[in-house]
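J.: Got a structure for you, written out below as structure tokens; questions coming shortly.
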Amino acid sequence: MTRCYIGVGSNLGNPVAKAQTGIAAVAALTQVTLVAQSSLYSSKPMGPSDQPDYVNAVIAIETDLSPLTLLDALQTIELELGRERKDERWGPRTLDLDILLIEQQVIDSERLVVPHYGMKSREFVLYPLAEIAPKLVLPDGDSISKLIATCPRNGLQVLEQ
């Protein structure tokens, strides 16, 4: 089994419910075991500011699925929960499921980049990830604790549930 970390985000159509439903759908996949789930966080949107705040989380799973098969499964879940893929980057979305890390693998293909290209500077990824994996070290040797120390929260808050 391979340990993977997946970022979860939503800011449309009851984002708390969409994030929770997305997490449950990932956990229900065959060959996937949910190992850990961060709190839900509220974060300011990246990119266009004329959109609602996001709800974010990070989950850890164990899986035997190949990286591209996992990516396909996550994109199917996004579509089933109303995701529309548009050219606009960082725009509003019903659900976003991003593969952040797959153990110490480095993947740079047309369809998948792991570690996720922007994760080291995004508070809505780093803080939830540190919550569930405080001793994590990325493939390049950076520790999650080092990255957190230099990443401002930018208004990131844990949501009460």
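The values are calculated or read from the model by the stated rules, or taken from the named source; none is laboratory data. No experiment lies behind these values; they were computed from the predicted model shown. So basically every Cβ, Gly included, is an ideal-geometry build from the backbone, and we count neighbours across all protein chains shown.
J.: Restricted to the stretch 147-161, and to residues that are without any contact (Cβ under 8 Å) to a residue 40 or more places away in the chain and over 11 Å from Lys44 (Cβ atoms), which residue is surrounded by the most Cβ atoms within 10 Å (Cβ to Cβ)?
T.: Leu147
J.: Something else: Can you pull out the residues in the stretch 14-47 that are of a type in the set (Gly, Ala, Ser), under 18 Å from Thr76 (Cα atoms) and not in a helix (DSSP H, G or I)?
T.: Ala28, the sole residue that qualifies.
J.: Which of the residues spanning the stretch 1-22 are buried (at least 22 other Cβ atoms within 10 Å of the Cβ) and within 14 Å of Leu159 (Cβ to Cβ)?
T.: Those that are buried (at least 22 other Cβ atoms within 10 Å of the Cβ) and within 14 Å of Leu159 (Cβ to Cβ): Val8, Gly9, Ser10, Asn11, Pro15, Lys18, Ala19.
J.: Could you list, in sequence order, all residues of the stretch 27-45 that are farther than 23 Å from Lys120 by Cβ and at pLDDT 95 or above? Steps first, please.
T.: Residues of the stretch 27-45 that are farther than 23 Å from Lys120 by Cβ, as a first pass: 27-34.
Those that are farther than 23 Å from Lys120 by Cβ and at pLDDT 95 or above: Ala27, Ala28, Leu29, Gln31, Val32, Thr33, Leu34.
J.: Return the pairs, sorted by first residue and then second, in which the second residue is small (Gly, Ala, Ser) and in a loop (DSSP other than H, G, I, E, B), the first residue lies in the stretch 110-137 and is under 20 Å from Ser10 (Cα atoms), the beta carbons are less than 6 Å apart, and the residues are 6+ apart or on different chains.
T.: Note: pairs meeting the criteria are Pro128/Ser38; Glu131/Ser38; Ile132/Ser38.
J.: Can you give me the number of residues within the stretch 104-131 that are crowded, with 17+ Cβ neighbours inside 10 Å and among the aromatic types (Phe, Trp, Tyr)?
T.: 2
J.: Same structure, new question: Does Ile144 meet the test of being touching a strand residue (DSSP E or B) at 6+ places or on another chain (Cβ under 8 Å) and touching a residue at least 40 places away in the same chain (Cβ under 8 Å)? Steps first, please.
T.: Values: touching a strand residue (DSSP E or B) at 6+ places or on another chain (Cβ under 8 Å): yes; touching a residue at least 40 places away in the same chain (Cβ under 8 Å): no.
Against the criterion (touching a strand residue (DSSP E or B) at 6+ places or on another chain (Cβ under 8 Å) and touching a residue at least 40 places away in the same chain (Cβ under 8 Å)), Ile144 does not qualify.
J.: Do you know which of the residues in the stretch 48-76 that are among the β-branched types (Val, Ile, Thr) and either part of a helix (DSSP H, G or I) or surrounded by fewer than 14 Cβ atoms within 10 Å (Cβ to Cβ) (or both) is modelled with the lowest pLDDT?
T.: Step one: of the stretch 48-76, the residues among the β-branched types (Val, Ile, Thr) are 55, 58-59, 61, 63, 69, 76.
Narrowing the set further to residues that are either part of a helix (DSSP H, G or I) or surrounded by fewer than 14 Cβ atoms within 10 Å (Cβ to Cβ) (or both) leaves 69, 76.
On the way: Thr69: 97, Thr76: 94.
Ranking the candidates gives Thr76 first.
J.: In the stretch 77-108, what count of residues is obtained for those that are modelled with pLDDT of 95 or more and of a type in the set (Ser, Thr, Tyr)?
T.: Selection size over the stretch 77-108: 0.
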